[in-house]
Amino acid sequence: MTPRCNTLFQLLRPFNTSYVRRYRRDVEKAHGYQWTSPIKYLTITLPHKKQKYIGFALEKISNRTCLSFSKITKIKISPNLYLLHDSPCISIFGRFNELHSKHSVSFINIKCDDIGSIHQELGLIFGLPLEHTRNDRDSYVTIRQENVIESKIVDFQKSEGNDSMDVPYDYGSQMHYGKNSFAKEQTNSIEPADINYLNTIGHNFGFQFNDYKRLNSYHCHYMCNSHLEKGCERNGYVDRATCDKCICPPHFSGTYCDKYKKTKSDCGENVVFNATTEAQTFTIKGEKKCYFYINTDENSKIELTIINMNIGNEEKCLVDEYLEVRYKKDPSVMGALFCKDKNNVLMTSEGNDISIFYKSSFSGNNVELSFKKV
């Protein structure tokens, strides 16, 4: 059931947070209320910094989905998005429909201090459920309900419907809460089954590949049915703007996502490695952005070790300072994020390949890696 009201005054007035969060369920319950482009939006008393973040977020959504946006300067009773500078950082799930009218209105109260929070609230507005509430979540995370602040337990309840939209569970979704989100002091509220993903859940980088893919599945599924000669590889999806190419997971490129991302020369002569039973090592240093790829025989796996690393000084990875390792079988899901000091961290690929992204804005950062076929 979608929350409804009869007047714009009701829509814009403050209301009870627990009432709002009851409707943060799954995409199925918002079907029939998809947004129609261009979506008109109005920013009300928002500081310049947050207007910039919102504009950046909406631009990225436009570039990766069929949705488009048009900024307006005054309130109108029509399907609009109202972005307010008001008390809590909360939003209504999905598009908001009036009871006795064809007019639809959604809004978001934004008093968020980072890009990730703004993206998460926009995600709820456009129908993205919280990732850790998916009905298949028990295979990926453990919810420590005893550690959750009582008033926030509703945000951790498992969805009743099938809200995956055929998109895999992704620790890196911006819709995923972090390890200590709404947790009592000195405790974790969420623990990933793979402990290497502790820094991935709850990052503040903004929407990731599968967030955009799910938005496409929900809002753009009727477009571009058979324009490509073959399907997108590596779980990419069709670009709904042109219908003649795929939008690819971040480590890959090409019309069909069949190519590696191009890497600058300062990343070294060799960025593609073949893993054998003999351990090999390589080191990455300095201020740069580099992709690396490790492959092995079809029926083998790869054991990768972070021998030592020093990237940044923060426990929670910053958007310009981290190492990402994608070792799951599905290359569309975000990899494990590592930052600060690490030694002897071990991981084994689910398939026969691994891709790595090193991002550093400081010359003193460095990583030493070892890998072999197992």
Hey, can you tell me all the residues within the range 207-238 that are within 25 Å of Asp353 (Cβ to Cβ), in a loop (DSSP other than H, G, I, E, B) and free of Cβ contacts under 8 Å to residues at least 24 places away in the same chain? Glu229
Just to verify a result, which residue in the range 158-186, among those that are under 15 Å from Arg144 (Cβ atoms) and surrounded by fewer than 16 Cβ atoms within 10 Å (Cβ to Cβ), is modelled with the highest pLDDT? Lys184
Scanning the range 278-326 residue by residue, those more than 11 Å from Val367 (Cβ to Cβ), touching an Asp or Glu at 6+ places or on another chain (Cβ under 8 Å) and of a type outside the set (Ser, Thr, Tyr) turn out to be Lys288, Ile294, Asn295, Lys301, Ile302, Gly312, Glu314, Glu321
Any chance you could count how many residues in the range 278-292 are surrounded by fewer than 18 Cβ atoms within 10 Å (Cβ to Cβ) and within 21 Å of Lys373 (Cβ to Cβ)? 6
Using beta carbons and a limit of 8 Å, which pairs, at least six apart or on different chains, have the first residue in the range 288-302 and assigned by TED's automatic domain parsing to the domain that holds Ser361 and the second one of a type in the set (Phe, Trp, Tyr) and assigned to a loop (DSSP other than H, G, I, E, B)? Ile302/Tyr327
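Residues in the range 44-64: is at least one among the charged types (D, E, K, R), surrounded by fewer than 14 Cβ atoms within 10 Å (Cβ to Cβ), touching a strand residue (DSSP E or B) at 6+ places or on another chain (Cβ under 9 Å) and at pLDDT below 85?
Let us first name the residues in the range 44-64 that are among the charged types (D, E, K, R), namely 49-50, 52, 59-60, 64.
Filter once more, keeping what is surrounded by fewer than 14 Cβ atoms within 10 Å (Cβ to Cβ): 49, 52, 59.
Keeping just the survivors that are touching a strand residue (DSSP E or B) at 6+ places or on another chain (Cβ under 9 Å) gives 59.
Remaining after also requiring at pLDDT below 85: none.
For the range 44-64, residues among the charged types (D, E, K, R), surrounded by fewer than 14 Cβ atoms within 10 Å (Cβ to Cβ), touching a strand residue (DSSP E or B) at 6+ places or on another chain (Cβ under 9 Å) and at pLDDT below 85: absent.
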Which pairs turn up if I take residues in the range 336-355 that are closer than 23 Å to Phe205 by Cβ and look for partners that are small (Gly, Ala, Ser) with beta carbon separation below 8 Å, at least 6 apart in sequence or on another chain? Leu337/Gly172; Cys339/Gly312; Lys340/Gly312; Met347/Ala336; Ser355/Gly335
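The values are calculated or read from the model by the stated rules, or taken from the named source; none is laboratory data. Predicted model only: the values in this text are computed from it and were never measured. Neighbour counts are summed over all protein chains in view; Cβ atoms, including those assigned to glycine, are modelled from backbone coordinates with ideal geometry.
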